[in-house]
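The structure under discussion appears below in the form of structure tokens.
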Amino acid sequence: MRGFSIGRIAGIRIRIDWSWLIIFLLVAWTLAVGYFPALFPTFSTAVNWVLGIVSSFLLFASVLAHELAHSFVARSQGLPVESITLFIFGGVSEIEEEPRTAGDEFRMAFVGPLTSLGLAGIFWLIFLATGPNASPLAAVVQYLAVINLALGLFNLVPGFPLDGGRVLRAILWAITDNLRRATRIASYVGQGFAFFLIFVGVALIFGGAFISGIWLAFIGWFLNNAASASYRELVVRQSLEGVPVRRLMATDVDRVPPSLTVQQVIDQYILSGRQHAYPVQTDGELVGLICLHDVRSVPEDARTTTTVAEAMTPYDRLVTSTPDEDLASAVDKLGRGGYEQLPVLDAPHHLAGLLRRRDVINYLQVQSDLEGTGSRGGEGEQ
Ligand SMILES: [Zn+2]
């Protein structure tokens, strides 16, 4: 997701995806031109916009509080949390690892909606305390009470990957002791709910409620994608867990010396099409990696004068793996950096091989082919 970072809370980076701005403006606009003018006909347009924007900020803070609750519980269970991103459909906490037990997952998932419901209660109490006369404060806190209630309830729907779906998965996981089956069922429920939203959305569109209909159908479409993607992700993760990198790494890789020019590397190595990237070695020591991308960034007329040493990614900046690393974690590195390969080191500066993205994809393909013939119709494939 593209966006920008607005700082850190307790070490967790808070990021805003550009799509969040749509929601921010939509909420501010709806409140400023609809909700507040209806309540306070005497207020000026400017005042209504200020109230709308303040409410939008407080909605932002509410969603953030929901995500921080997930993140803090995750961290208390020893799961590292990289960042929280707010985007068009709410927030997402980037928790680096999956929870280890059903109980952990249950607590981590449940605390989010609980926070939203708690906030709804707090805003409602403030609303009650404002007394019988309509005031701007009352209008803002009433809106926030309702929206937090909606957030809490929506997230409790038991369809994966919503929080409620994670709660359901945790319960099924505890009962069946089978994470994969639990995820599959929770994802089916999630997809069922998604199709329900799409159906209601389409019905609304034909009923004349065009904007709400589109919006609901859009959320349904997103949930459906998320549900099937999270299940696939789990299947991939499980096929990779417990497999050491050495099983898949390529060891017969060509290496190049740092003194060659970029043009020589192109002519003698890259045009052969054998590898995307070439480890750069001098006296058996790995000093860097040169890939197609590095080569392309050297202007054509400079390729005969620029050396590999100048164009390569130097050793210190390489993201590497080890032969004993778990494939699941190595593939995370590939994915996060968008790399085609990782150099695998068995000692500092000593290359054991390359872990290439395409070999991982082949491996997963073979795994799924084997599974397809081996356990057709069965559920107990673990
Ligand atoms: Zn949540």
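The values are calculated or read from the model by the stated rules, or taken from the named source; none is laboratory data. Please read these numbers as outputs of a predicted model, since none were measured by experiment. With ideal geometry, Cβ positions are generated from the backbone for all residues, glycine too; neighbour counts draw on all protein chains shown.
Being within 16 Å of the ligand (Cβ to nearest atom) and outside any strand (DSSP E or B) is the filter here, so list the residues in the range 77-87 that pass it.
Residues satisfying the conditions are Gln77, Leu79.
Suppose we filter Ile171, Ile214, Ile205 for residues that are surrounded by fewer than 18 Cβ atoms within 10 Å (Cβ to Cβ) and modelled with pLDDT of 90 or more; which single one remains?
Ile171
Is it the case, given these coordinates, that Ala69 is within 24 Å of Ala120 (Cβ to Cβ), aliphatic (A, V, I, L, M) and at pLDDT below 90?
no
Please pick out the residue among Ala182, Ala209, Ala227 that is in contact with a Lys or Arg (Cβ under 9 Å, 6 or more places away or on another chain) and either outside the structural domain of Leu151 (by TED's automatic domain parsing) or of a type in the set (A, V, I, L, M) (or both).
Testing whether each residue is in contact with a Lys or Arg (Cβ under 9 Å, 6 or more places away or on another chain) and either outside the structural domain of Leu151 (by TED's automatic domain parsing) or of a type in the set (A, V, I, L, M) (or both) leaves just Ala182.
Residue by residue through the range 223-237, note down the ones that are surrounded by fewer than 18 Cβ atoms within 10 Å (Cβ to Cβ) and at pLDDT 85 or above.
Within the range 223-237, just Asn225 meets the criteria.
Considering the range 276-297 alone, what residues qualify as being buried (at least 19 other Cβ atoms within 10 Å of the Cβ) and outside any strand (DSSP E or B)?
If the condition is that a residue be buried (at least 19 other Cβ atoms within 10 Å of the Cβ) and outside any strand (DSSP E or B), then Asp294, Val295 are the ones that fit.
So in the range 155-168, with the set limited to residues that are more than 10 Å from the ligand (Cβ to nearest atom) and in a helix (DSSP H, G or I), which one is modelled with the lowest pLDDT?
Of everything passing the filter in the range 155-168, Gly165 is modelled with the lowest pLDDT.
Please list, ordered by first then second residue, the pairs with beta carbon atoms under 6 Å, 6 or more apart or interchain, first in the range 47-76 and farther than 20 Å from Ala10 by Cα and more than 16 Å from the ligand (Cβ to nearest atom), second in a helix (DSSP H, G or I) and of a type in the set (Gly, Ala, Ser).
Listed by first residue and then by second, the contacts come to Asn48/Ala32; Trp49/Ala32; Gly52/Ala28; Gly52/Ala32; Ile53/Ala28; Ser56/Ala28.
Kindly list the number of the only condition in (1) over 30 Å from Gly338 (Cα atoms); (2) exposed (fewer than 14 other Cβ atoms within 10 Å of the Cβ); (3) touching a residue at least 12 places away in the same chain (Cβ under 8 Å) that fails for Trp18.
Unmet condition: (1).
Would you confirm, using the coordinates I've provided, whether Val146 is more than 16 Å from the ligand (Cβ to nearest atom), modelled with pLDDT of 90 or more and more than 20 Å from Ile16 (Cβ to Cβ)?
Working: more than 16 Å from the ligand (Cβ to nearest atom): yes; modelled with pLDDT of 90 or more: yes; more than 20 Å from Ile16 (Cβ to Cβ): yes.
Yes.
Out of curiosity, is Phe72 part of a helix (DSSP H, G or I), more than 19 Å from the chain's Cα centre (by Cα) and not β-branched (Val, Ile, Thr)?
Spelling it out, it is not the case that Phe72 is part of a helix (DSSP H, G or I), more than 19 Å from the chain's Cα centre (by Cα) and not β-branched (Val, Ile, Thr).
Which is at pLDDT below 90, polar (S, T, N, Q) and either in the same structural domain as Ala194 (by TED's automatic domain parsing) or in contact with a helix residue (DSSP H, G or I) (Cβ under 8 Å, 6 or more places away or on another chain) (or both), of Thr130, Thr115?
Testing whether each residue is at pLDDT below 90, polar (S, T, N, Q) and either in the same structural domain as Ala194 (by TED's automatic domain parsing) or in contact with a helix residue (DSSP H, G or I) (Cβ under 8 Å, 6 or more places away or on another chain) (or both) leaves just Thr130.
Being under 30 Å from Val331 (Cα atoms) and in contact with a Phe, Trp or Tyr (Cβ under 7 Å, 6 or more places away or on another chain) narrows it down to one of Arg184, Arg180, Arg232, so name that one.
Exactly one residue qualifies, and that residue is Arg184.
Has the range 5-21 got at least one residue that is in a helix (DSSP H, G or I), within 16 Å of the ligand (Cβ to nearest atom) and under 25 Å from Asp163 (Cβ atoms)?
Checking the range 5-21: at least one residue is in a helix (DSSP H, G or I), within 16 Å of the ligand (Cβ to nearest atom) and under 25 Å from Asp163 (Cβ atoms).
Of the residues that make up the range 88-101, is at least one at pLDDT 85 or above and either in contact with a helix residue (DSSP H, G or I) (Cβ under 8 Å, 6 or more places away or on another chain) or within 16 Å of the ligand (Cβ to nearest atom) (or both)?
There is no residue in the range 88-101 that is at pLDDT 85 or above and either in contact with a helix residue (DSSP H, G or I) (Cβ under 8 Å, 6 or more places away or on another chain) or within 16 Å of the ligand (Cβ to nearest atom) (or both).
Quick one: Phe43 ticks every box in (1) among the hydrophobic types (A, V, I, L, M, F, W, C); (2) under 30 Å from Glu233 (Cα atoms); (3) not in a helix (DSSP H, G or I) except a single one, so which number is it?
Condition not satisfied by Phe43: (2).
What single numbered condition from (1) in contact (Cβ under 8 Å) with a residue 12 or more places away in the chain; (2) out of contact with any Gly (no Cβ under 8 Å at 6 or more places or on another chain); (3) among the aromatic types (Phe, Trp, Tyr) fails to hold for Phe154?
Here Phe154 clears every test but (1).
Being crowded, with 17+ Cβ neighbours inside 10 Å, under 19 Å from the mean Cα position of the chain (by Cα) and in a loop (DSSP other than H, G, I, E, B) is the filter here; which residues of the range 320-345 pass it?
If the condition is that a residue be crowded, with 17+ Cβ neighbours inside 10 Å, under 19 Å from the mean Cα position of the chain (by Cα) and in a loop (DSSP other than H, G, I, E, B), then Tyr339 is the only one that fits.
Of all residues in the range 128-155, which are under 26 Å from Phe196 (Cα atoms), among the aliphatic types (A, V, I, L, M) and surrounded by fewer than 20 Cβ atoms within 10 Å (Cβ to Cβ)?
Val146, Leu149, Ala150, Leu153
Is it true that Ser56 is assigned to a helix (DSSP H, G or I), out of contact with any strand residue (DSSP E or B) (no Cβ under 6 Å at 6 or more places or on another chain) and of a type in the set (S, T, N, Q)?
yes
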